[in-house]
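Report on the structure given below.
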Amino acid sequence: MLNVRTIEEMRAAVNAARTHGATIGFVPTMGFLHDGHLSLIDEARAAGATFIVVSIFVNPLQFAPNEDFERYPRDEARDTELLEGRNVDLLFLPPVAAMYPAGASTIVKAGDVAAPLEGERRPGHFDGVATIVLKLFNIVQPDIAAFGRKDAQQCAVIARMVRDLDLPLTLLLGETVRESDGLAKSSRNSYLSADERKRAPALHRALRAGEEALRHGIEDVAAVEQLMRKMIAETDGVDVDYLALVDPETFLAPLDRRREVILAGAVRVGKTRLIDNIVVPRGTPPGID
Ligand code: AMP
């Protein structure tokens, strides 16, 4: 695996692979890798990528000053070993100064889908995400880029950007990889104490309860959200940030009851903020009456 830290080397390596006929697959991450990240590598390969690039960059632009940028977990040696085990071709590890040299000030404004839920609680977060993802796309120039549905609103923001800005690549959205008790794998799970770790699956349980209600024909948005809150309340020490039933494109309350919906939630367990979601397919697929 090539280990590259400069934009120039990155471009040269991808250009060389492309002249040999490679299809470039790209998985952007913030590192401290787990099976969720690794599954995206497999998905990109299964979709036809023959040269896999993974980036590890903890992007300061998507963290607010009161958030966990400084203490975000980092372990380059372990990540390198995991990626080598997955036969990744190139690991891009740019320093902050390479991505944001002095004077860098142009920012991508994420579309309307960035406004509710995560966007409301983390102002500027999705602009930071859209900016770094567009920069990485411009540097790597992938044919295929893979993102996890665990960050469902982020997927919607990026899908919108790809369409709105005519980016020449195919997006792959990978399923959420979970622990055996349902907790979605996340680098931030490493913040949890043993006691907090036991409480954390309450979020997934609540989303499953919402899914069950939908399957039983409960359509009232407020009723489904209330039911999920009740489920969380059964576990001490888990505080709801939001629990919502939303449309997968707008992340607002669903208007069309025949389309699939997303149950999305964010909770705090101690000082750790966790997010998760479930997609619930319903009735007629979009476009069919
Ligand atoms: P992160 O390092 O948290 O920025 O995540 C990098 C990529 O991995 C993003 O596209 C995430 O959505 C995806 N990802 C994170 N956790 C999971 C998971 N549990 N299952 C699948 N994909 C994930």
Check your understanding: Of the numbered conditions (1) within 16 Å of the ligand (Cβ to nearest atom); (2) within 19 Å of the chain's Cα centre (by Cα); (3) basic (Lys, Arg), Lys109 satisfies every one except a single condition; which is it?
Key -> (1)
Review point. Somewhere in region 50-59, is a residue without any contact (Cβ under 8 Å) to a residue 60 or more places away in the chain and on the phi > 0 side of the Ramachandran plot?
Key: no
Study note, to complete from the structure: Going through region 202-243 in order, the residues found to be acidic (Asp, Glu) and part of a helix (DSSP H, G or I) are Glu211, Glu212, Glu225
Study note, to complete from the structure: The one condition Ser180 fails out of (1) assigned to a loop (DSSP other than H, G, I, E, B); (2) among the hydroxyl-bearing types (Ser, Thr, Tyr); (3) buried (at least 19 other Cβ atoms within 10 Å of the Cβ) is (3)
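Table: residues versus (1) within 18 Å of the chain's Cα centre (by Cα); (2) not charged (D, E, K, R).
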residue: Ser190; (1), (2): yes, yes
residue: Arg205; (1), (2): no, no
residue: Glu211; (1), (2): no, no
residue: Ile232; (1), (2): no, yes
residue: Asp239; (1), (2): no, no
residue: Phe251; (1), (2): yes, yes
residue: Pro254; (1), (2): no, yes
residue: Ile275; (1), (2): yes, yes
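Taking Glu70 as the residue in question, decide whether it is within 16 Å of the ligand (Cβ to nearest atom) and not β-branched (Val, Ile, Thr). Before the answer, list the steps.
Numbers: within 16 Å of the ligand (Cβ to nearest atom): no; not β-branched (Val, Ile, Thr): yes.
Spelling it out, it is not the case that Glu70 is within 16 Å of the ligand (Cβ to nearest atom) and not β-branched (Val, Ile, Thr).
Output the residues belonging to region 183-221 that are open to solvent by 60 Å² or more (accessible area, probe 1.4 Å), away from the ligand (no atom under 13 Å from the Cβ) and modelled with pLDDT of 95 or more. I'd like the intermediate steps shown before the answer.
Step one: of region 183-221, the residues open to solvent by 60 Å² or more (accessible area, probe 1.4 Å) are 190, 194-195, 197-199, 205, 208, 212, 215-216, 218-220.
Then drop every residue that is not away from the ligand (no atom under 13 Å from the Cβ), which leaves 194-195, 197-199, 205, 208, 212, 215-216, 218-220.
Passing the criteria: Ala194, Asp195, Arg197, Lys198, Arg199, Arg205, Arg208, Glu212.
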Review point. Could you list, in sequence order, the residues of region 142-170 that are touching a residue at least 60 places away in the same chain (Cβ under 8 Å), open to solvent by 30 Å² or more (accessible area, probe 1.4 Å) and in contact with a Leu (Cβ under 8 Å, 6 or more places away or on another chain)?
Key: Asp143, Arg149
Exercise for review: For Asp241, state whether it is under 28 Å from Gly124 (Cα atoms), more than 16 Å from the ligand (Cβ to nearest atom) and open to solvent by less than 50 Å² (accessible area, probe 1.4 Å).
Suggested key: yes
Exercise for review: Name every residue in region 19-36 that is in contact (Cβ under 8 Å) with a residue 60 or more places away in the chain and in a helix (DSSP H, G or I), in order of residue number.
Suggested key: Asp35, Gly36
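The values are calculated or read from the model by the stated rules, or taken from the named source; none is laboratory data. As the structure is a computational prediction, the values presented were derived from the model and not from experiment. Because the Cβ atoms are built from the backbone with ideal geometry, glycine has one as well, and the counts that use them run over all protein chains shown. All accessible areas refer to the heavy atoms of the entire protein, side chains included, with ligands and DNA or RNA removed. Shrake-Rupley method; radii C 1.70, N 1.55, O 1.52, S 1.80 Å.
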